[in-house]
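Enquirer: Pasting a structure below so you can have a look.
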Amino acid sequence: MLSAIAARRAAQAASSKQPSPTPTPSIPPPDSISEPTRNSNPPSKRKTTSVNGKISSRTNKKARVLPERARATTRYFESKDTFEREEDVIMVGSSSDSESEAQGQLPVGFDDSEVEEGPNPGVSMEPLYRQPSVSQPSQLSSFRPTRDLNIYELSPNEVSAMGLQNETSVLCMDREETLALLGAYTLTVLKGSISILGVTLSASKVAHRVFAPRSAPIPVLRCVASDAPPDSNAHSLPPRITNIHGRAVVAIQSLDTGVEGLGRVCRVFDGVFDPSRWQRSSAEVIRPGVNLVTHTTRDVLPFVLPESWSVALSAANTPPSSADPTPLSVYVVKGPKKSGKSTFSRTLVNRLLTRFHRVAYLECDVGQSEFTAGGLVALNILDSPIFGPPPTHPSLPYRAHYVGATSPRCSPAHYLAAIQALFETYRLEVQTSLPDDESTDTRTTDVIPLVVNTMGWTKGLGADLNAKIEELAEPTHVFEIIGLEEKGWPTAQLTYEPLHNQSPPSKAFQYTLEAISPSLTNTHFNAVDQRNFNILSYFHAIFPSITPSPSTPFRQVTAMKWDTSHPLCARYPYEVDWSQAFDQVILIGAGYEDVIPSEISNVLNGAIVGLVECEPGTEDPVYSDSSDARELPYTQARHPPVPSTSTCHGLALIRAISPTSSHMHVLTPVPPAILARCRVIVKGELELPIWGMLDFTDANNGVAGAEKGRVPYLQWGKSEGLGGERRRVRRNLMRKAQM
């Protein structure tokens, strides 16, 4: 790509060969012209190559200064050249490596999206100065650590006396002071109050797990005013810290979970928990694996709560001034994709947990799930705040159903039936619970509100499905996030206060909110990367063996650690005899009704399946005409399990199927106590990402000692043969404007 000086020299060379046309009275004054006229021929998109050895965008990487003859008036600009007043020198470089490195070293707090193009659309004009983004602050941390003044390293005796574990760093923050930490750490508020990700945490003995990778907006800790009385300290601070007044005191501990190893599995996210190369010099280590970040860069963006979000969250979480202070509440969040629905839903759950002991979360987005891998609609019960992106808290749902795809396009009826069954489960089993009289928690325990996160498909069939979901939910609060105008969405008046919807009549409070700013989203990772990272995080997760008891029927089972010491191809699997373990094998999705029984073993080999438990007697058994015990219990074109009488406990990877016996190797993070109840496996359209098939321990891209050319399921280089190219599926014949 040409730089600004190279483009200007090319234009001057063209103007020197032919005289400039005489302006006519219809042409506006030269000072008001900022771009070529519309009727001018579009310039060629081909790169300018060297003819005389003077202009070359491929080899010249040195600095150039405009000569005096190049400062003459050009064809389009008769005003004074802005480069004449500057003393800086622009580096001219065209290689992709040098360009990416130069972009990574931009001044802190500047946004690339605000760079204006020059007269030639095919040429990149790089101005000397760029306006900083308004919504993206340049400074993240105003906290400046000074040993034994505002940051203290506790001794083992002090750690034991305070009831903490492991090595601890205590940080003392002044009022309105900010602190941004990168990495995985445990946060405990010892004194005062702080705000993090839109939630205020006061002093308590609760240790919060915080995950702050560069792939998501990192949380910023801010010292805020505390409503707690002065003698409400949850910990006995050491004498050298007790005399500090007017501050918030927090304890930071390293969190050893192995989540950083997921970057080795999915190389796109390699090193996301560590500072980038242009931040390593300025980042200061607070604890091992925890770094203080002072300023924003291209890949480190803060979490910023928009004003409309803050007002709506406060209004929705305020108890009504009526006789019933704890009414049953259902919150529906809807909006287009990439508008911040999942972020808002996560923040809403954290806000509700300050008032309620438990909060239910219904995930309707099968492509970008919050607590499970893709392809599931799930009902989760939460009892602690969530401080991290979805790959950092994979969980076993309370009730879920397997759709088997990242979109309900191919099975909308089954998708709606699964969501309807989850709503019935919530109303019959979860909505109300017995109050815990022995608990010292002051939060509400007999009511569990519900947060519904809808999908981002908001046109055509997707709009009809979302409307049906909202009808089934019977919400008390509806939060609609309006898409950005540059994305084609109309301008809407933002509604901060709760207003009743009048057309059609509804009892729900309607909130119209702004979408999250594009300058606050990380563009280095797209939706496919995030989905692959989520699936790989699920299969490498280690879930604790917790069986729900009558005293804790709604306890959420969340992964506490990750095992990334071995790839999936080298881990010990379960050896399962399908003639004894499974009653049915079901295929769902487009085209699976054509799979004949003799090919079912090839379809399941290397596939991701859902582990489904059905109520006894609700599913018809499968009778095979063959007497061979090695034949899988599969019936062609069988409908998926009925959602009202079944549940999906998780996903499994069938790594291999024996051709000579009735055995298969299965990988799954689901605990063995739950696996015994899963008698049905369902295969959908969801496939294992390519990163899960590779051996990240082999530097030669081989797998389990085999050469990469002999690895099954993988094709290196260009495929050969008819139909070997990448298939492009066209699912409809409608235009985009008609959707």
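Enquirer: Tell me whether segment 391-400 contains one or more residues that are among the β-branched types (Val, Ile, Thr), crowded, with 21+ Cβ neighbours inside 10 Å and part of a strand (DSSP E or B). Full working, then the answer.
Expert: Looking only at segment 391-400, we keep the residues that are among the β-branched types (Val, Ile, Thr), and these are 392.
Narrowing the set further to residues that are crowded, with 21+ Cβ neighbours inside 10 Å leaves 392.
If we keep only those that are part of a strand (DSSP E or B) too, we end up with none.
Taking every residue of segment 391-400 in turn, none turns out to be among the β-branched types (Val, Ile, Thr), crowded, with 21+ Cβ neighbours inside 10 Å and part of a strand (DSSP E or B).
Enquirer: Looking for something modelled with pLDDT under 90 and surrounded by fewer than 14 Cβ atoms within 10 Å (Cβ to Cβ) - is there at least one such residue anywhere in segment 553-568?
Expert: Applying the first criterion (modelled with pLDDT under 90) to segment 553-568 yields 553-557.
Narrowing further to those that are surrounded by fewer than 14 Cβ atoms within 10 Å (Cβ to Cβ): 553.
Yes: one or more hits.
Enquirer: Evaluate segment 191-200: report whether one residue or more is part of a strand (DSSP E or B), of a type in the set (A, V, I, L, M, F, W, C) and out of contact with any strand residue (DSSP E or B) (no Cβ under 8 Å at 6 or more places or on another chain).
Expert: We begin by selecting, within segment 191-200, every residue part of a strand (DSSP E or B); these are 191, 193-196, 199-200.
If we keep only those that are of a type in the set (A, V, I, L, M, F, W, C) as well, we get 194, 196, 199.
Narrowing further to those that are out of contact with any strand residue (DSSP E or B) (no Cβ under 8 Å at 6 or more places or on another chain): 199.
Yes - at least one qualifying residue is present in segment 191-200.
Enquirer: Which is assigned to a loop (DSSP other than H, G, I, E, B) and in contact (Cβ under 8 Å) with a residue 12 or more places away in the chain, of THR372, THR425, THR442?
Expert: Working: THR425 fails: assigned to a loop (DSSP other than H, G, I, E, B); THR442 fails: in contact (Cβ under 8 Å) with a residue 12 or more places away in the chain.
Unique residue meeting the criteria: THR372.
Enquirer: OK, next. Which condition does SER339 not pass, out of (1) touching a strand residue (DSSP E or B) at 6+ places or on another chain (Cβ under 9 Å); (2) of a type in the set (S, T, N, Q); (3) not assigned by TED's automatic domain parsing to the domain that holds SER407, if it passes all the others?
Expert: Unmet for SER339, out of (1) touching a strand residue (DSSP E or B) at 6+ places or on another chain (Cβ under 9 Å); (2) of a type in the set (S, T, N, Q); (3) not assigned by TED's automatic domain parsing to the domain that holds SER407: (3).
Enquirer: Name the one entry in PHE143, PHE110 that is outside the structural domain of SER236 (by TED's automatic domain parsing), of a type in the set (A, V, I, L, M, F, W, C) and at pLDDT 90 or above. Quick ask: steps written out before the conclusion?
Expert: Details: PHE110 fails: at pLDDT 90 or above.
None of the other options fit; the residue is PHE143.
Enquirer: Which condition does SER345 not pass, out of (1) modelled with pLDDT of 90 or more; (2) surrounded by fewer than 17 Cβ atoms within 10 Å (Cβ to Cβ); (3) not in a loop (DSSP other than H, G, I, E, B), if it passes all the others?
Expert: Of the numbered conditions (1) modelled with pLDDT of 90 or more; (2) surrounded by fewer than 17 Cβ atoms within 10 Å (Cβ to Cβ); (3) not in a loop (DSSP other than H, G, I, E, B), the odd one out for SER345 is (2).
Enquirer: Just a yes or no: is a residue in segment 405-413 β-branched (Val, Ile, Thr), surrounded by fewer than 24 Cβ atoms within 10 Å (Cβ to Cβ) and in contact (Cβ under 8 Å) with a residue 12 or more places away in the chain?
Expert: Going through segment 405-413, the residues β-branched (Val, Ile, Thr) turn out to be 406.
Applying the additional criterion that residues be surrounded by fewer than 24 Cβ atoms within 10 Å (Cβ to Cβ) yields 406.
Checking the rest, the ones that are also in contact (Cβ under 8 Å) with a residue 12 or more places away in the chain come to 406.
Yes, segment 405-413 has at least one match.
Enquirer: Please determine, by comparing only the residues of segment 518-542 that are part of a loop (DSSP other than H, G, I, E, B) and in contact with a Gly (Cβ under 9 Å, 6 or more places away or on another chain), which one is modelled with the highest pLDDT.
Expert: The first filter runs over segment 518-542 and keeps only residues part of a loop (DSSP other than H, G, I, E, B), leaving 521-526, 540.
Narrowing the set further to residues that are in contact with a Gly (Cβ under 9 Å, 6 or more places away or on another chain) leaves 521, 540.
On the way: THR521: 77, HIS540: 96.
Per the stated criteria, the residue is HIS540.
Enquirer: Just a yes or no: is a residue in segment 438-453 modelled with pLDDT of 95 or more and within 13 Å of GLY335 (Cα to Cα)?
Expert: Taking every residue of segment 438-453 in turn, at least one turns out to be modelled with pLDDT of 95 or more and within 13 Å of GLY335 (Cα to Cα).
Enquirer: Give the residues of segment 448-487 that are closer than 15 Å to SER345 by Cβ and among the hydroxyl-bearing types (Ser, Thr, Tyr), sorted by residue number.
Expert: As a first pass, look at segment 448-487 and keep what is closer than 15 Å to SER345 by Cβ: 449-456, 466, 469-470, 473, 475, 477-481.
Residue satisfying the conditions is THR454 alone.
Enquirer: In addition: Quick check on SER598: is it over 25 Å from THR372 (Cβ atoms) and outside the structural domain of GLY367 (by TED's automatic domain parsing)? Reasoning before the result, please.
Expert: Values: over 25 Å from THR372 (Cβ atoms): yes; outside the structural domain of GLY367 (by TED's automatic domain parsing): yes.
For SER598, the condition - over 25 Å from THR372 (Cβ atoms) and outside the structural domain of GLY367 (by TED's automatic domain parsing) - is met.
Enquirer: Further, regarding this structure: Does segment 272-310 hold any residues that are part of a loop (DSSP other than H, G, I, E, B) and either hydroxyl-bearing (Ser, Thr, Tyr) or without any contact (Cβ under 8 Å) to a residue 40 or more places away in the chain (or both), and which are they?
Expert: The first filter runs over segment 272-310 and keeps only residues part of a loop (DSSP other than H, G, I, E, B), leaving 272-283, 288-289, 293-294, 296-301, 303-306.
If the condition is that a residue be part of a loop (DSSP other than H, G, I, E, B) and either hydroxyl-bearing (Ser, Thr, Tyr) or without any contact (Cβ under 8 Å) to a residue 40 or more places away in the chain (or both), then SER276, GLN279, ARG280, SER281, SER282, PRO288, THR294, THR296, THR297 are the ones that fit.
Enquirer: Does LEU313 qualify as being in contact with a Ser or Thr (Cβ under 9 Å, 6 or more places away or on another chain), in a helix (DSSP H, G or I) and either over 19 Å from LEU179 (Cα atoms) or at pLDDT 90 or above (or both)? Working first, answer last.
Expert: Values: in contact with a Ser or Thr (Cβ under 9 Å, 6 or more places away or on another chain): yes; in a helix (DSSP H, G or I): yes; either over 19 Å from LEU179 (Cα atoms) or at pLDDT 90 or above (or both): yes.
Yes.
Enquirer: Test SER624 against the stated conditions and say whether it is at pLDDT 90 or above, hydroxyl-bearing (Ser, Thr, Tyr) and more than 25 Å from ASP563 (Cα to Cα). Show your work before the answer.
Expert: Numbers: at pLDDT 90 or above: no; hydroxyl-bearing (Ser, Thr, Tyr): yes; more than 25 Å from ASP563 (Cα to Cα): yes.
No.
Enquirer: Looking at segment 650-663, which of its residues are modelled with pLDDT under 95 and hydrophobic (A, V, I, L, M, F, W, C)?
Expert: ALA656, ILE657
The values are calculated or read from the model by the stated rules, or taken from the named source; none is laboratory data. A quick note: this is a predicted structure, and the numbers were derived from the prediction, not measured. All Cβ positions, glycine included, derive from the backbone under ideal geometry; neighbour counts span all protein chains shown.
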